[in-house]
Every structure is written in C-alpha cells, then in structure tokens.
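> Can you keep this structure in mind? I'll have questions shortly.
The values are calculated or read from the model by the stated rules, or taken from the named source; none is laboratory data. This structure is a prediction, so every number in the text was calculated from the model and none was measured. Cβ coordinates were reconstructed from backbone atoms using ideal geometry, including for glycine residues, and neighbour counts include every protein chain displayed. For the accessible areas, the whole protein counts, side chains as well, though only heavy atoms, and no ligand, DNA or RNA atoms are used. Shrake-Rupley method; radii C 1.70, N 1.55, O 1.52, S 1.80 Å.
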Amino acid sequence: MAVETTTRAKLRWGLLDVLVIVFAMVPVLWIASLSFKTPATLTDGKFIPREWTLDNYRTIFETDQFVRALVNSIGIALIATLVAVVLGAMAAYAISRLDFPGKRLLVGVSLLIAMFPQVSLVSPLFEIERQLKIFDTWPGLILPYITFALPLAIYTLSAFFKQIPWDLEKAAKMDGATQGQAFRRVIAPLAAPGLFTTAILVFIFCWNDFLFAISLTSTERSRTVPAALSFFTGASQFEDPTGAICAAAVVITVPIILFVLFFQRRIVSGLTSGAVKG
Amino acid sequence: MADIVLDKVSKSFPDGTVAVQDVDLEIADGEFVILVGPSGCGKSTTLNMIAGLEDISSGELRIGGQRVNDKAPRDRDIAMVFQSYALYPNMTVRENMAFPLRLAKLDKETIDQKVDEAAKVLELVPLLDRKPANLSGGQRQRVAMGRAIVRQPKAFLMDEPLSNLDAKLRVQMRTVVSRLQKKLGTTTVYVTHDQTEAMTLGDRVVIMRGGAVQQVGAPQELYDHPRNLFVAGFIGSPSMNFLHAAVQDGGLHTALGDVPLGDRVRRELEAADAPRELILGIRPEHFEDAELVDEDTRRRGIEFEAPVDIVESMGSDKYVYFTVEGERASAAELEELAADAGAADFAGAGGNLVTRLSAESPVVEGQSRRVWFNLEKIHLFDPTNGRNLTLHEGRAAGALAD
Ligand SMILES: Nc1ncnc2c1ncn2[C@@H]1O[C@H](COP(=O)(O)OP(=O)(O)OP(=O)(O)O)[C@@H](O)[C@H]1O
Ligand SMILES: [Mg+2]
C-alpha cells in the first residue's frame, strides 16, 4: 500500500516535472528546429523539420557581421564580469567585515542602482558617452554593465562572506598575515563558490543585455550579438533572415551553457566544513 | 619569549559597554596565567587586546618591555589558539601548520623541518596530509596547537581551547597543554570557564568579574585566602556554603548556632560604619561528623544538629547535604554566581548545606545528625561590598583569631 502510494506520488511528480520542462523548452526547441529548416519549409508549421539543413549555420559564420558580434559579446561580457566580480568582492568583504562610516549609505546606494529603471538611463548615457568619446566602443558597454552588475555582485558575495567564520581571519592575522594577505589566501579561496556563482549571474546579465547594446553602439565595432541579431539580413539583402537569426540564437546560447557548466563544477558546497567546530 | 605587562588597561566598545576596566597584570616570562570568570566578564576582550585583535581604549600594554598598543597582531609575534580552532579548511594539516612560517618567508626546507618537529610533539605525523574536515575534534585541537607552537612565538594566547571537547578528551588535552607549556617554557595566557582547568593548569589565576580583576594568585592561595565573596564563591567545587550571620553581643548568630568571635574580627566590627549583618562562608571539607572529631580538634569549632537530605558516597569520603532553617544569605555577588553556574550547581546561598564528611561517618538519609565545623577555617564577608573580614595581610585567619 505504502509502496504503491510512493510510486504513484513519484509518477505524479515526474509528470508534473515533464510538463514544466516541456512548457519552458518549447520556444527554445522551436527556435532550434527553425534553425535547421530550409527557407522553403520554414513556415510549414511542423515542429520537426522535414528537410534538415546546416545552411543557416554556414550563412551566419560566413557573414563577418555575426562573427565580429560574437567576438564583441565574449570580450565585453568577460571583461565586465571580471571587473565586477573583483570590485564586488572587495566591496562585499568590506561590508560584511568592517564597520566603517557610510556603510549603510553604500548599501543603500547600490540597492538604488539595482532598482533604477535602466530604460530611463539610456538617453543620458548616450549623451555622456558621446561627450566622453566612448560611444560605440567596448568601454562604452563595459562601464554600464559593471555599474548594473555590481549591486548584484555585492549582494550575493556579501552573503557568502558572512558565512565564513570570522575567527579564520583573526587566526590569519595572528599567524602574521596582513589584511590583504588574509583576504587573498584565506577568505577568497573559501568564498570561491560565491565568486563563481556571482560570475555566472553577472556574465548572463552582460551576455543577454539588449537595451544598452542597441542604444550605445552604432557600428559593428562594438555591437554585441543580441544587438547584431536585429540587424541581420541573411546571406543576401533579399533573403528572409529568420533561419539565420534562429541559428545565431542557438549559437549564442552555447558559450553561456559552457560558461555555466565550467563554473558549476567548481561550486562545491561544504568548502568551509572543518574550519570551526560548530 | 617575553613578559607581558598590562598597565591600567581598559576597553570600552563604541556602544558604551565597558568590557574591561583598569586591569593591572604582570605576567612574568615563561609564566602560565589563567584568566577565569563568569560569562561576559571580559576575559576574551582582555585576551584580544593582548593579541592586538581589539584596540586598547586606555592604558598601556607592554610585551618584552616594549609598548605595543599600536602594533598590529603580526608585529607582536604572539600565537593564538581559538575556541573554534579556526583551521583553514582549504589547506591540509601540513599547510595549516606551515602557514605562519610561509608568511614569515622562511625557506621551504626550514618550514618542513619545523612542521615535522611540531607534528611529532603533538603526534600529528600520520595526519599531515589530511584536510581539517576529516579530523576528529581532538585532532583539530592539536592542529590548532601545532600552528601556534610551530613558529616559536613570544607568547601563546588561548581562548577556551578545550571547551569544545568532550569531558574525557578535555582531561587528556589538559595534560598535553600543560606538558607542552612546561617543555617550551613560553609565556602563556589561557582563558577558561572551567575552574578545574584554572586550578590545575596555571601558575597563577586571575579572577575577573564585570571587567575588573578580583584577585590574582596561585590556585591554592585563591582557594584558601579569597579576598572577597565573589572569589570565595567562584573557586571550589562544590562551592563554599554561605549563611546569613547577625552580629550580636560580640558574637554571631547563625542558622548553625552562635559563633564566638576572636579579638581581631570583633575590633573590626566595633567601627562605626561596620556592618551589622555578615555572610559566613565555610567550605564543605571543613565540616566533620561530630562523633569522629577528637577532643583537641573539637575545641576549635562548634557543633550543630540538622536533618540529612542526601548522602553521596564517593568512596574516599561522603558528600552530605543538610537542610538548615533561617534567613538566607543575600548579596549581589551570590546572585551573579548562582546565575553563572545555574541554580542547581550553586547551592551555596540557598537553604542547603553541602558538607564533606569522612567515609567512616555512619550518616543516614532522613535522620538527624550532629555535625562539627572548624571556626578557624570560616570566612566572614561584608554583604555590602563583599570584602573578606577575616583576611589579615592577605591570609585568612578564621573567626577566632586574636
Ligand atoms: N563588539 C562589542 N560591542 C559591544 N560590547 C561587546 C562587544 N564584544 C563584547 N562586548 C561585551 O563585553 C563584555 C565582555 O565580553 P567578553 O567576550 O570579553 O566576555 P568573556 O569573558 O570572554 O565571556 P565568555 O566566557 O562568555 O566568552 C560582554 O558584556 C560583552 O557583551
Ligand atoms: Mg570569551
């Protein structure tokens, strides 16, 4: 009887899970399916392509436009992530460990940045960047990305730092470490899961951004993939670019999946176990 | 190696809490000093100030004759063992112990040699490649000790290093700590809650209460000659019995009968501002079954009779609990001690009397028994300020002294 109910329950849960996954995956799979269709069958409404083709993929890699955007995306997202995580780590460390004047103000301001509607900042940023001559450059995108990623980074990281026993830092100081050494050699390695989690979140944010990418760039020089996709024309001016756009959409999810998989393996829980007797 | 001097050291926190007040303490080179006191009395704060982990609000701290108030922990050359052990979980035992040496930029060979040496002393050799997560509590404790001794610092500071171990291991580690300190001869300041540790480990014990030092002395001295009510009640297990005593016609009226007074105490009580009520303190071992006391001894004390509550036979002697009628002794110190020990452990001030009688005593639960106690060993305290009136030039002389 009991066994029956558990298998029943399992079945029910399994079904529910499948339903959720299917619901979430349909649009993604649809795009993937479109990317493998030929222009002729593109609009036939079939989920599984009748004629498989890799033409769309060939097309996007032949156009300079896409490859260039891909390079921009990767470069900009990586640099912004690196800077945001390093700065965020230092700020979060100070917030979780030190008592300094203006601490609450700092936390408040970073919250404010996170809450600020980004749309309303686009035109001022456009003007500022033109004045500063960084419009349509990598720094022109990296800087706003860092600004908006920092609150996120500070919040997640300070939560991680708070979990690390304070005694470890005192012990490091007693062992002869400076504040910097204590941070680099004891605290940072223990906060690694937090650093990786934050890196993933920030990277995804930068990678997927469309708003800044479309408004703060004007040429291929610094246009990232999400922005470049909207300018897609396909192999020739007169071709319908739907298939190519779908292929590009599939391609740009690959780096992010790789990025997440790479860092996820490093996010092992229980890294601090054994430090202090609980 | 160095001496440590605290000169009127105080600590007040930004929120106004005064955690440590005017602590004067001279710790000689190589001495093992214990800081003990109830929770929140400022032991850890004092230790952290010596370590440099807390700023000193006022006063001066000298290590090896040098003022170190403004020096960072790393420049004081002191090692600390934490209650939580604070091992670096991402490093192996070897790396943990080598960490201070690596920071001191020693060459690899010297580091290895020193770590191996320390590991041998602490029997950690087979564990050197393990991570702290895979060690038992006692092993972690030893690694923490190893990390402290490996670089031969001027002094060791230990904040309740054994309190996370179970009772048996604690006794074992106590001897390890003691032997290690003797062997290395390094000045050590050791904070503990546990008065057995305080009594057995240290050369000298510092008793603190509310941020102030109450008394400093060798364990036996504190036990025999407590300067005040707090010290008397804190040291000793089971604790001293405290009874209310009213001053009457040159004697004392107590629940155990009338206690005659010697000239010295009487003179003290003749002063205009002398208290009219006292607290009488007497340790359990200064009672004896009246039948077993010889004539000579009998004259030095008085007898009373009371119903026996509980008899606990320890083999070598018997703990006998009596109920006594009469007014309870009351003082701020006693309430504080009771709160710290938990009311059950601190029977001292209640209507209960704890006595330690010879094993030969035929005492039976539920019956009345005649008991003698030694007047030369009793202490009399002023309930208003806790001062021990029987203390003369630092020696307790009992109630009868002339
Ligand atoms: N950062 C702080 N701010 C304000 N008050 C503090 C701070 N740290 C400690 N205190 C107070 O200072 C007093 C002494 O604390 P301390 O930690 O030295 O006690 P302790 O004797 O070590 O107690 P325990 O035996 O419980 O460890 C306590 O009353 C505590 O509340
Ligand atoms: Mg403490």
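> Could you tell me which residue of the range B:16-42 is nearest to B:Asp203 (Cα to Cα), considering only residues that are in contact with a Ser or Thr (Cβ under 8 Å, 6 or more places away or on another chain) and open to solvent by 10 Å² or more (accessible area, probe 1.4 Å)?
Only one residue tops the list, namely B:Glu31.
> Looking at (1) modelled with pLDDT of 90 or more; (2) within 14 Å of chain B (Cβ to nearest Cβ), which is the only condition A:Ala191 fails?
Against the list (1) modelled with pLDDT of 90 or more; (2) within 14 Å of chain B (Cβ to nearest Cβ), A:Ala191 comes up short only on (1).
> What tally of residues in the range A:193-205 results from selecting those that are under 17 Å from A:Val122 (Cα atoms) and open to solvent by less than 10 Å² (accessible area, probe 1.4 Å)?
0
> Name the residue that is most open to solvent (accessible area, probe 1.4 Å), counting only residues in the range B:144-155 that are more than 10 Å from chain A (Cβ to nearest Cβ) and aliphatic (A, V, I, L, M).
B:Ile149
> Which residues, taken from the range B:105-136, are within 10 Å of chain A (Cβ to nearest Cβ), open to solvent by 60 Å² or more (accessible area, probe 1.4 Å) and on the phi < 0 side of the Ramachandran plot?
Passing the criteria: B:Arg130, B:Lys131, B:Asn134.
> If you don't mind, there's one more thing I want to ask. What single numbered condition from (1) within 25 Å of B:Leu122 (Cβ to Cβ); (2) more than 16 Å from ligand 2 (Cβ to nearest atom) fails to hold for B:Ile56?
(1)
> A further question follows. Please find, within the range B:2-15, the residue that is most open to solvent (accessible area, probe 1.4 Å) out of those that are at pLDDT below 95 and hydrophobic (A, V, I, L, M, F, W, C).
Only one residue tops the list, namely B:Phe13.
> Further, regarding this structure: Test each condition in (1) surrounded by fewer than 19 Cβ atoms within 10 Å (Cβ to Cβ); (2) part of a helix (DSSP H, G or I) for A:Ala80 and report the one that comes out false.
Checking A:Ala80 against (1) surrounded by fewer than 19 Cβ atoms within 10 Å (Cβ to Cβ); (2) part of a helix (DSSP H, G or I), the one that fails is (1).
> Something else: Take the residues of the range B:156-168 that are more than 16 Å from ligand 1 (Cβ to nearest atom) and open to solvent by less than 50 Å² (accessible area, probe 1.4 Å): which is farthest from the other protein chains (Cβ to nearest Cβ)?
Filtering first and then ranking leaves B:Phe156.
> Scan the range A:39-47 and tell me whether some residue there is in contact (Cβ under 8 Å) with a residue 60 or more places away in the chain and outside the structural domain of A:Trp207 (by the TED database).
yes
> If you check B:Pro275 against the conditions, is it surrounded by 17 or more Cβ atoms within 10 Å (Cβ to Cβ), modelled with pLDDT of 90 or more and not in a strand (DSSP E or B)?
No: the conditions fail for B:Pro275.
> Quick check on the range B:95-108. Is at least one of its residues within 30 Å of B:Ala212 (Cα to Cα), modelled with pLDDT under 95 and either over 26 Å from the mean Cα position of the chain (by Cα) or within 16 Å of ligand 1 (Cβ to nearest atom) (or both)?
Scanning the range B:95-108, I find no residue that is within 30 Å of B:Ala212 (Cα to Cα), modelled with pLDDT under 95 and either over 26 Å from the mean Cα position of the chain (by Cα) or within 16 Å of ligand 1 (Cβ to nearest atom) (or both), so the answer is no.
> For the condition buried (at least 18 other Cβ atoms within 10 Å of the Cβ) and part of a helix (DSSP H, G or I), what is the one hit in A:Ile256, A:Ile252?
Unique residue meeting the criteria: A:Ile252.
> Sort out which residues of the range B:28-62 are more than 21 Å from B:Phe230 (Cβ to Cβ), out of contact with any Asp or Glu (no Cβ under 6 Å at 6 or more places or on another chain) and more than 14 Å from every other protein chain (Cβ to nearest Cβ), and write them in order of number.
B:Gly30, B:Ile56, B:Ser57, B:Ser58, B:Leu61, B:Arg62
> The conditions are (1) aromatic (Phe, Trp, Tyr); (2) over 30 Å from A:Ala247 (Cβ atoms); (3) open to solvent by 40 Å² or more (accessible area, probe 1.4 Å), and A:Tyr93 fails exactly one of them. Which is it?
(3)
> Quick one: which residue in B:Met91, B:Met49 is of a type outside the set (Gly, Ala, Ser), away from ligand 1 (no atom under 16 Å from the Cβ) and either touching a Pro at 6+ places or on another chain (Cβ under 9 Å) or at pLDDT 95 or above (or both)?
Exactly one residue qualifies, and that residue is B:Met91.
> Here is a follow-up. Scan the range A:140-154 and tell me whether some residue there is modelled with pLDDT under 90, under 19 Å from the mean Cα position of the chain (by Cα) and of a type in the set (A, V, I, L, M, F, W, C).
yes
> Right, something else. Might you check whether a residue that is surrounded by fewer than 13 Cβ atoms within 10 Å (Cβ to Cβ) and aromatic (Phe, Trp, Tyr) occurs anywhere in the range A:66-76?
Among the residues of the range A:66-76, not one is surrounded by fewer than 13 Cβ atoms within 10 Å (Cβ to Cβ) and aromatic (Phe, Trp, Tyr), which makes the answer no.
> Oh, and also: Kindly indicate whether any position in the range B:54-62 is in contact with a helix residue (DSSP H, G or I) (Cβ under 7 Å, 6 or more places away or on another chain), within 18 Å of B:Val81 (Cβ to Cβ) and open to solvent by 10 Å² or more (accessible area, probe 1.4 Å).
yes
> Could you please give the count of residues in the range B:67-96 that are within 10 Å of chain A (Cβ to nearest Cβ), assigned to a helix (DSSP H, G or I) and open to solvent by less than 60 Å² (accessible area, probe 1.4 Å)?
Count: 2.
> For the range B:142-249, which strands (runs of 3 or more DSSP E) that fit wholly inside it have 3 or more residues that are more than 16 Å from ligand 2 (Cβ to nearest atom) and touching a residue at least 12 places away in the same chain (Cβ under 8 Å)?
In the range B:142-249, the matching strands (runs of 3 or more DSSP E) lie at B:212-217, B:241-248.
> Scanning for something open to solvent by 40 Å² or more (accessible area, probe 1.4 Å), more than 14 Å from chain B (Cβ to nearest Cβ) and at pLDDT 70 or above, does the range A:225-233 turn up at least one residue?
The answer is yes, given that some residue of the range A:225-233 is open to solvent by 40 Å² or more (accessible area, probe 1.4 Å), more than 14 Å from chain B (Cβ to nearest Cβ) and at pLDDT 70 or above.
> Do we find that A:Val22 is in a helix (DSSP H, G or I), not basic (Lys, Arg) and not assigned by the TED database to the domain that holds A:Pro226 in this structure?
Judged against the criteria, A:Val22 is a match.
> Give the number of residues within the range A:157-174 that are at the interface with chain B (Cβ under 8 Å from one of its Cβ atoms) and of a type in the set (Gly, Ala, Ser).
Counting residues in the range A:157-174 that are at the interface with chain B (Cβ under 8 Å from one of its Cβ atoms) and of a type in the set (Gly, Ala, Ser) gives 2.
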